[in-house]
Amino acid sequence: MPILEVSALSARIRDALEGSIGSVKVKGEVSNARCVSGHWYFSLKDAQSRIDCVLFRGDAARSKAQPRDGASCVVSAQVTHYPPQGRTQLQCSSLEEAGAGDLDAKFRALCDEMRALGHFDSARKAQVPAVPMCMAILTSAGSAAEADCLNAAAETFPAAKIILIDVRVQGAQAAAGIAAALDAVDRAAGTLGIEVILLVRGGGSLEDLWAFNERIVAEAILRAKTPIVTGIGHESDTTIADLVADRRAPTPSRAVTETLPRRDALREETDALAHRLARGFEHLHARRVTRVDLAARSRALSDPATGIEVRATAVGQFALRLGRSVLRVLELTKSRVESNARTLDAVGPLRVLERGYSITLDAAGHAVRTASGAKVGDELRTILASGEIASTVTRTTADGARTQP
């Protein structure tokens with residue numbers, strides 16, 4: 001049997017492994033996971049065996065999950081042998097948590113249903129207040145997400161009141177607990193002065209975040225009258241709760257900083273408004289001063305006597321015009337009266353009498369127009385142009401007969 005160098009044997013082992021096994025899919029529990037410069041080093045194990053694995057940075061960025069101790073994962077890999085250390089390992093090209101395929105299908109089905117019902121539409125979502133003075137944060141007590149939110153609130157807008165609500169964010173009962181907490185906080189929002197609710201948790205696998213993909217949580221968010229902002233997982237994570245919430249932030253701390261106003265921004269806005277107010281007051285004051293100066297230079301104020309004289313002259317002229325108008329009216333009225341009098345005089349009975357006519361009246365004072373209007377013995381009065389004649393009827397002539405004078 002030939003004697004081999006160690007390096008030659010290692011090379012033969014490497015060639016044999018890589019050539020005979022090729023690409024594999026391996027399922028196991030992750031242990032000893034650590035990240036170095038973006039590269040992940042970990043082990044996959046089951047009840048009988050363990051094998052080392054590496055997931056390089058580029059492949060890690062494209063994977064659906066990252067190695068996490070205790071998680072059950074499936075990797076696609078090449079079996080490799082590293083001669084300098086005599087190590088056989090799996091060089092992984094992708095990693096996903098076991099069962100992720102079923103969960104992904106369930107997630108997509110619920111997404112399609114809720115999208116068809118319009119639950120994702122921006123038109124139905126409530127407006128988040130611009131400057132909320134009180135917010136409730138629903139997350140696990142003592143978690144990194146809670147600490148991140150409190151730190152972000154203290155740095156961004158410390159004047160805001162924060163109410164912490166402890167809820168389970170992972171596990172079989174988490175979804176029901178989250179939904180119940182959302183309902184309770186929403187009912188008490190008016191009493192407690194809560195203007196917005198933040199639903200947050202840190203990153204994790206699809207299974208870890210699954211409570212936020214449950215229908216019961218989505219329906220609780222849809223029922224709430226208080227605006228709800230979510231900050232669940234990392235920036236790349238998206239849950240059903242994110243899609244139905246009134247606003248979605250990529251991380252818990254960003255949920256706080258994107259909801260609360262920044263102190264420096266408020267200060268700048270306040271300074272700008274104060275400057276505009278001061279300028280507006282200056283312009284208003286300048287316009288008022290100009291109007292006062294113009295009024296002070298007017299003749300009415302600088303020489304009041306002149307103003308009084310001007311107004312007195314105007315009144316006198318008005319009285320003169322009024323007197324003239326009255327005289328004209330009187331003259332016109334007098335002329336009309338005289339004209340009417342002349343007309344009446346011309347057609348009056350006296351003018352007729354002056355032309356040789358007379359009027360005969362009976363005892364009752366009625367004019368006797370015909371011979372039959374008088375009887376023998378009647379006393380009559382005859383009115384002439386000058387004077388009257390009293391007579392007694394001694395004879396009448398029938399109507400239509402005439403006697404010669």
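Bear in mind that the values in this text are calculations on the coordinates, not laboratory data. Everything numeric in this text was worked out from a predicted model, so none of it was measured. Quick reminder, even Gly has a Cβ in these numbers, built from the backbone with ideal geometry, and neighbours come from all protein chains shown.
Quick notes on this structure:
- When the chain is treated as a Gaussian network with alpha carbon springs shorter than 10 Å, the biggest mean-square fluctuation among Arg288, Arg321, Arg263 belongs to Arg321.
- Global geometry of region 211-299, whether rounded, prolate or oblate, following the gyration tensor of its Cα atoms and the 1.5 cut on a/c: prolate
- Listed by chain and number, the aspartates and glutamates whose C-alpha is less than 13 Å from the C-alpha of Lys225, apart from same-chain residues fewer than 8 away, are Asp183, Asp186, Glu195, Asp246.
- Of Ala188, Ala295, Ala211, the residue with the greatest mean-square motion in the GNM of the chain, using alpha carbon springs below 10 Å, is Ala295.
- The simple Förster model, with R0 at 51 Å and r as the Cβ-Cβ distance, assigns Ala154 and Lys45 a FRET efficiency of 0.75.
- Residue with peak Gaussian network fluctuation, the chain [Cα springs, cutoff 10 Å], from Ile216, Ile389, Ile163: Ile389
- Working from label points 7 Å from Cα in the Cα-to-Cβ sense, the Val26 to Leu384 distance is 16.8 nm.
- Given 14 as the ceiling on other Cβ atoms within 10 Å, longest exposed-site-free region of the chain for GluC sites (Glu not before Pro) in DSSP loops: 6-234
- Degrees separating the helix 304-347 axis from the principal Cα axis of the chain, which is the longest one: 40 degrees
- Given charges at Cβ of Lys, Arg, Asp, Glu: the chain dipole, positive-most of Val329, Ala60, Thr396: Thr396
- Length added when fully stretched, Leu322-Glu235, from 0.36 nm per residue minus Cα-Cα: 22.2 nm
- In the chain, a dipole from Cβ-located charges (positive for Lys and Arg, negative for Asp and Glu) runs towards its positive end, and of Thr156, Ser10, Ala220 it is Thr156 whose Cα lies farthest in that direction.
- Here the label points at Asp112 and Ser37, each 7 Å from Cα along the C-beta direction, are separated by 4.5 nm in the simple model.
- J(HN,Hα) series, region 132-149, from Karplus relation 6.51 cos²θ - 1.76 cosθ + 1.60, nearest Hz, glycine and proline x: x, 8, 8, 9, 9, 10, 9, 6, 6, 4, x, 7, 5, 5, 5, 4, 4, 5
- Between the Cα long axis of helix 174-192 and the first principal axis of the chain there is an angle of about 30°, rounded to the nearest 10.
- Structure-derived mean projected area of the Cα convex hull in nm²: which label, when the choices are (1) 43.1; (2) 59.8; (3) 23.6: (2)
- For Ser72 and Arg342, the difference between the fully extended length at 0.36 nm per residue and the C-alpha to C-alpha distance is 83.8 nm.
- Computed from the Cβ-Cβ distance with R0 of 56 Å, the FRET efficiency linking Arg267 to Leu222 stands at 0.90.
- Acute angle (nearest 10 degrees) that the helix 263-297 long axis makes with the longest principal axis of the chain, alpha-carbon atoms: 20 degrees
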